[in-house]
Amino acid sequence: MGIVNVTPDSFSDAGSTRDTAAAVSRCEQMLADGADILDLGAESTRPGSRPVPLAEELARLLPVLDAALTLGCPVSVDTKKPEVMAAALARGADIVNDINALQAPGALDVVAGHSDCGVCLMHMRGTPESMQASPRYEGDVVEEVLQFLRNRGRVLQARGVTAERIVYDPGIGFGKSIEHNLALLRRQGELLVLNRPLLAGWSRKSTLGAVTGRDVTQRLAASVAAALAAVQLGARVVRVHDVAATSDALRVWRAAGLAD
Ligand code: HH2
């Protein structure tokens, strides 16, 4: 899954898609580099980020979405807002990727009201504005993430969203310390009991900076390593900025029979 941020303030690629044409050529390049899904986001959720007004998010997203939908690949929309989900699905988006796991009022209605869109449910503790202010868990982080995702999956299914439409994501960096994130990688296999594909989003994240001492612009090798580890441990989707490098690494993994 290639990340296309149409934002002026994302944590690693802010402003890199300054206009629709730049965003669309990013999409095309990612597909040429081996992406299977494009994930378009028009609101940064980096730690400390501020919510973007609805009209602004729509104005950033929709022109790029319309163009991406002509490229012949599944298109995911990364948003917390039900109005954005509804607008994107009405235009033909395939997947709703919600870091808030459809907990905003009305979000579940939008997805349940659609006959077949996919949905990614992610775990987050707190909100992007404050989530990295000393994140703590009462018990075991992996167990808490598992219970949360299982519960959200049940809520969706009770509203008629079939299990086949859902993928789950532990939410690396969303209200988690370095140790929490590393435990979620080491013990990612425990989430496979959810019996649905897992999505892992490690690309350029600060835990990789903490481990390597590298600035956000220098985390390519660390990101590829984390993506491979996630795949090896059962992730079926990796959400990445650097598609060419990640897909080369995955090709080697596949050639050796280590991933399918
Ligand atoms: N991470 C980010 C945004 N959306 N969605 C899912 N499902 N999983 C993730 O790990 C995830 C996500 C943050 O990364 P990025 O989009 O590069 O940054 P920003 O939110 O600053 O635009």
So between Leu71 and Val155, what do we pick up on full extension, going 0.36 nm a residue minus the alpha carbon distance?
26.9 nm
So if I average 1/r over every pair of distinct C-alpha atoms in the range 126-186 and take the inverse, what Kirkwood radius in Å does that give?
12.7 Å
When every alpha-carbon pair in the range 1-154 is counted, what percent end up more than 28 Å apart?
20 percent
Counting only protein heavy atoms, what percent of the accessible surface of the chain is carbon or sulfur at a 1.4 Å probe?
52 percent
R0 = 30 Å: FRET efficiency of Glu143 with Ala244, Cβ-based, nearest 0.05?
0.25
Spatial extent of the chain: Rg and Dmax, with the Cα atoms as the point set, Å:
17.0, 48
Given labels modelled 7 Å from the Cα in the Cβ direction, how far is it in nm from Thr20 to Ala133?
3.9 nm
With +1 on the Cβ of every Lys and Arg and -1 on the Cβ of every Asp and Glu, the dipole magnitude of the chain about its Cα centre, in debye rounded to the nearest 20, is 460 debye
Area of Met30 that stays accessible when all protein chains are in place (1.4 Å probe, Å², to 10):
10 Å²
Explain nothing, just the number: dipole magnitude of the range 11-112 about its Cα centre with +1 on each Lys and Arg Cβ and -1 on each Asp and Glu Cβ, in debye rounded to the nearest 20.
260 debye
On average, how much accessible surface per residue is there in the chain, in Å², for a 1.4 Å probe, leaving out ligands, DNA and RNA?
43 Å²
Potential extension, Asp109-Arg50 segment - 0.36 nm per residue separation minus Cα distance:
18.7 nm
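What range in the chain is the longest one free of GluC sites (Glu not before Pro) that are in a loop by DSSP and have at most 14 other Cβ atoms within 10 angstrom?
1-128
Give the peptides 235-242, 117-124 in descending order of average Cβ contacts within 10 Å, highest first. Walk me through the numbers on the way to the answer.
Details: 235-242: 22.6, 117-124: 24.4.
Averaged packing, sorted descending, gives the order 117-124, 235-242.
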Heavy-atom accessible area order for Arg136, Arg196, largest first, 1.4 Å probe
Arg136, Arg196
With a Förster radius of 22 Å, plug the Cβ-Cβ distance of Val252 and Asp36 into 1/(1 + (r/R0)^6) and report the FRET value to the nearest 0.05.
0.80
Return the FRET efficiency for the residue pair Arg186, Thr212: r is the Cβ-Cβ distance, R0 is 22 Å, and the value is rounded to the nearest 0.05.
0.80
From the helices alone, meaning DSSP H stretches of at least four residues, give me the mean residue ellipticity at 222 nm for the chain, per-run term -39500 (n - 2.57), in deg cm²/dmol to the nearest 500.
-12500 deg cm²/dmol
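The values are calculated or read from the model by the stated rules, or taken from the named source; none is laboratory data. On a predicted model such as this, the values are computed, not experimentally measured, just so you know. Please note: Cβ atoms are built from the backbone with ideal geometry, for glycine as well, and neighbour counts cover all protein chains shown. Calculation scope for accessible area: heavy atoms of the full protein, side chains included, ligands and nucleic acids excluded. Shrake-Rupley method; radii C 1.70, N 1.55, O 1.52, S 1.80 Å.
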